[in-house]
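The values are calculated or read from the model by the stated rules, or taken from the named source; none is laboratory data. Small disclaimer: the values here were computed from a predicted structure and weren't measured. In this analysis, Cβ positions are derived from the backbone assuming ideal geometry, glycine residues included, and neighbour counts consider all displayed protein chains. Accessible surface is based on the protein model in full, side chains and every heavy atom, while ligands, DNA and RNA are left aside. Shrake-Rupley method; radii C 1.70, N 1.55, O 1.52, S 1.80 Å.
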Amino acid sequence: MESIMQDIKECFLCREEMIKNNNFKRLPSSDLECHHIMHGMANRKISEHYGLKVWLCAEHHRTGKNAVHNCRETDLILIRAGQRRFEEIHSHEEWMSVFMKNYI
């Protein structure tokens, strides 16, 4: 399944930072890592099924202080963004049926 979060292969969080700072430029599309927004063995498969995944640079994925795998706040930013996008396509009821927890 393709990502429902991104149309372009670039770091999702680098793009979010650029939007926040109103500083736009082309981002690299290489050396990126795929991150499944809902993690854990069962949720990873569900994330894959619904396209709840994003591309991240290594710093935002696993090596940086605020990387999604090192920082719960960053993890929740992505989970909330994933829930909002999922509910645009499906519904809040379906989100709750699948993931059983509301993050927003």
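Structure notes:
- Among the candidates A81, A42, A67, the residue that is surrounded by fewer than 20 Cβ atoms within 10 Å (Cβ to Cβ) and over 17 Å from C11 (Cα atoms) is uniquely A42.
- Taken over segment 53-83, the criterion of being assigned to a loop (DSSP other than H, G, I, E, B) and under 21 Å from L27 (Cα atoms) is satisfied by G64, K65, N66, A67, V68.
- Residue within segment 79-97 that is in contact with a strand residue (DSSP E or B) (Cβ under 6 Å, 6 or more places away or on another chain), free of Cβ contacts under 8 Å to residues at least 12 places away in the same chain and not aliphatic (A, V, I, L, M) present: no
- The residue that is modelled with the lowest pLDDT, among those in segment 11-42 that are over 11 Å from C57 (Cβ atoms) and under 13 Å from the mean Cα position of the chain (by Cα), is H39.
- The single condition among (1) in contact with a Phe, Trp or Tyr (Cβ under 8 Å, 6 or more places away or on another chain); (2) within 20 Å of Q6 (Cβ to Cβ); (3) not aliphatic (A, V, I, L, M) that G64 does not meet is (1).
- On the stretch given as segment 84-104, residues that are within 17 Å of E10 (Cβ to Cβ) and either in a loop (DSSP other than H, G, I, E, B) or among the small types (G, A, S) (or both) total 0.
The rows are residues; the columns are (1) under 12 Å from the mean Cα position of the chain (by Cα); (2) within 17 Å of Q6 (Cβ to Cβ).
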{"residue": "I46", "(1), (2)": "no, no"}
{"residue": "L78", "(1), (2)": "yes, yes"}
{"residue": "G82", "(1), (2)": "yes, yes"}
{"residue": "E88", "(1), (2)": "no, yes"}
{"residue": "H92", "(1), (2)": "no, no"}
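- S47 open to solvent by less than 70 Å² (accessible area, probe 1.4 Å), at pLDDT below 95 and farther than 18 Å from E10 by Cβ: yes
- Exclusive hit being without any contact (Cβ under 8 Å) to a residue 12 or more places away in the chain and among the aliphatic types (A, V, I, L, M), set I37, I19, I8: I19
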